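What follows is a single structure, written as structure tokens, with notes after it.
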Amino acid sequence: MSNNNILTQLQSERPKFQLHPYHMVTVSPWPLFVSFSLLILTSGSVTYFNGYPSPFGDSGIVLVAIGLICTSLSMGLWFRDIVTEGTFLGDHTFKVQKGLSLGMGLFIVTEVMFFFSIFWALFNSCLSPDIELGGQWPPMGIEAISPFELPLLNTILLLSSGATVTYSHHAVLNKNRAGAITGLVLTVLLAAVFTYCQGIEYINAPFSISDGVYGSTFFMSTGFHGFHVIIGTLMLTVSLGRLIQYHFTNTHHVGYESAILYWHFVDVVWLFLFVSVYWFGS
């Protein structure tokens, strides 16, 4: 073998080092899979909501189920690759972690704007009720939910979950593994109880989403908040699994910090909902 061939072989077998702290993302099929899965989910939802026949002979519920399954699987595999890159391959340097945290912060800003639009619709109707609403809020014929029953209990549950997840975060920073796991388990349990109580409230509500602007704004605001609670609970549950598997250290837990930041956002939104929708709105 000539010297040039030996040199070429050695250069190909050398580990490749990068001279920058950024993560150059490799080619991934999951964004494309998620896009098509969401297309199936959206098409099935439109078909189902409007009662149109689907290719499967039903009203679209099969497409909805296929879209949900495909979206869940694709996102799960995508998140698995991200966890592998950050935990086992060392791609998430401190510079990358700062960028990920900034991205999560900007995402929460967009969520704030989304809820701002819902609150705008609420106050636009309740501060100056039209004659169609009887000139009052709640409108005539609407029996509002008492804010000092289940809504107050839900407020206590969410505020308590915010305290327990903060305790868990401080335990991670102080290398207290048992305290971190305990605090996070309590947070997930409190979140599950909150969702259960919200479901009870919906079942026993004396009005529905079709009861004019009051029902629409009530279920839009509390319903989307409940959806965010479910997403935050899933994020914290994944973080709990990673915490148990020693994926986090006191200096490398950007995924957990993002979940905590999202959960505090959910807490703050609920405080505004309790004051404006339940207390002021009743």
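Here are a few things to note about the model shown:
- The listed residue being assigned to a helix (DSSP H, G or I), modelled with pLDDT under 95 and over 16 Å from Ile82 (Cα atoms), out of Tyr262, Tyr278: Tyr278
- Those residues of the range 106-133 which are in contact with a Ser or Thr (Cβ under 6 Å, 6 or more places away or on another chain) and β-branched (Val, Ile, Thr), in sequence order: Ile118
- Among the residues listed as Tyr196, Tyr167, Tyr246, Tyr214, the single one being more than 16 Å from the chain's Cα centre (by Cα) and closer than 30 Å to Glu132 by Cβ: Tyr214
- Yes/no for Ile145 being in a loop (DSSP other than H, G, I, E, B) and on the phi < 0 side of the Ramachandran plot: yes
- Filter pass, Val27 being over 22 Å from the mean Cα position of the chain (by Cα), exposed (fewer than 15 other Cβ atoms within 10 Å of the Cβ) and closer than 30 Å to Asp91 by Cβ: yes
- The set of residues in the range 121-131 that are exposed (fewer than 11 other Cβ atoms within 10 Å of the Cβ) and of a type in the set (A, V, I, L, M, F, W, C) comprises Leu127, Ile131.
- Look at the range 94-109: where a residue is assigned by TED's automatic domain parsing to the domain that holds Val254 and over 12 Å from Leu261 (Cα atoms) and a partner is modelled with pLDDT of 90 or more and in a helix (DSSP H, G or I), sitting 6+ places away or on another chain with Cβ atoms under 6 Å, you get Gln97/Val254; Leu100/Val254.
- Residue within the range 49-67 that is closer than 30 Å to Phe248 by Cα, at pLDDT below 85 and out of contact with any helix residue (DSSP H, G or I) (no Cβ under 7 Å at 6 or more places or on another chain) present: no
- Output for the range 252-282, where each listed residue is of a type outside the set (A, V, I, L, M, F, W, C) and either within 30 Å of Tyr214 (Cβ to Cβ) or out of contact with any helix residue (DSSP H, G or I) (no Cβ under 8 Å at 6 or more places or on another chain) (or both): Tyr262, His264, Asp267, Ser276, Tyr278, Gly281, Ser282
- Of residues in the range 206-230 being closer than 23 Å to Phe79 by Cβ and in contact (Cβ under 8 Å) with a residue 12 or more places away in the chain, the one surrounded by the most Cβ atoms within 10 Å (Cβ to Cβ): Val229
- Checked against the criterion of being surrounded by 14 or more Cβ atoms within 10 Å (Cβ to Cβ) and part of a helix (DSSP H, G or I), the candidates Ser117, Ser168 yield just one match: Ser168.
- Taking the listed residues Phe119, Phe107, the one that is aromatic (Phe, Trp, Tyr), under 30 Å from Leu184 (Cα atoms) and either under 25 Å from the mean Cα position of the chain (by Cα) or at pLDDT below 95 (or both) is Phe107, with no other qualifying.
- Looking across Leu234, Leu240, one residue alone is among the hydrophobic types (A, V, I, L, M, F, W, C), part of a helix (DSSP H, G or I), in contact (Cβ under 8 Å) with a residue 24 or more places away in the chain and in the same structural domain as Tyr202 (by TED's automatic domain parsing). It is Leu240.
The values are calculated or read from the model by the stated rules, or taken from the named source; none is laboratory data. Since we're looking at a predicted model, the values are computed, not measured. Using ideal geometry, Cβ is built from the backbone for each residue, glycine included, and neighbour counts are taken over all protein chains shown.
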